[in-house]
Amino acid sequence: MVLHTGSETVECEPAKSAPLSRVDAQALTGWLTEQLGQVQVAVERQTEVKRDFLRPDEWWTPSHTAERWRYPSARSTA
């Protein structure tokens, strides 16, 4: 979550186990709108797309996974 004030930007990325990480973004946006709209503070929800993730075709192959776990792969047992 990123909050922009008149002079500052406050960024908050909660840990996976933190209560804020379990809050639905739309519900949080609605609640903040209700609370801050009374004092005419704009609330906007934006989604950030991270493109530095591994695609499924970049994951380990079954044989690589078997090798890492020191388990015979399906190919070697056939």
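The values are calculated or read from the model by the stated rules, or taken from the named source; none is laboratory data. Keep in mind it's a predicted model, so treat the numbers as computed, not measured. Cβ sites come from the backbone with ideal geometry, for glycine too, and all protein chains shown count toward neighbours. Heads up: the accessible areas ignore ligands, DNA and RNA and are worked out on the full protein's heavy atoms, side chains in. Shrake-Rupley method; radii C 1.70, N 1.55, O 1.52, S 1.80 Å.
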Original post:
Round to a whole number: what % of the accessible area of the chain belongs to carbon and sulfur, probe 1.4 Å?
Top reply: 53
Original post:
Three principal axis extents, largest first, for the C-alpha atoms of the chain, in Å?
Top reply: 69, 22, 17
Subject >> Relative contact order for the chain, counting Cα pairs under 8 Å that sit 6 or more residues apart, in percent >> reply: 12
**OP:** Scan the chain and hand back the longest stretch that contains none of the trypsin sites (Lys or Arg not before Pro) lying in DSSP loops with at most 15 other Cβ atoms within 10 Å.
**Re:** 17-44
Original post:
Rg and Dmax of region 1-46 over Cα atoms: what are they, in angstrom?
Top reply: 11.5, 32
Subject >> Rounded accessible area per residue of the chain, 1.4 Å, Å² >> reply: 99
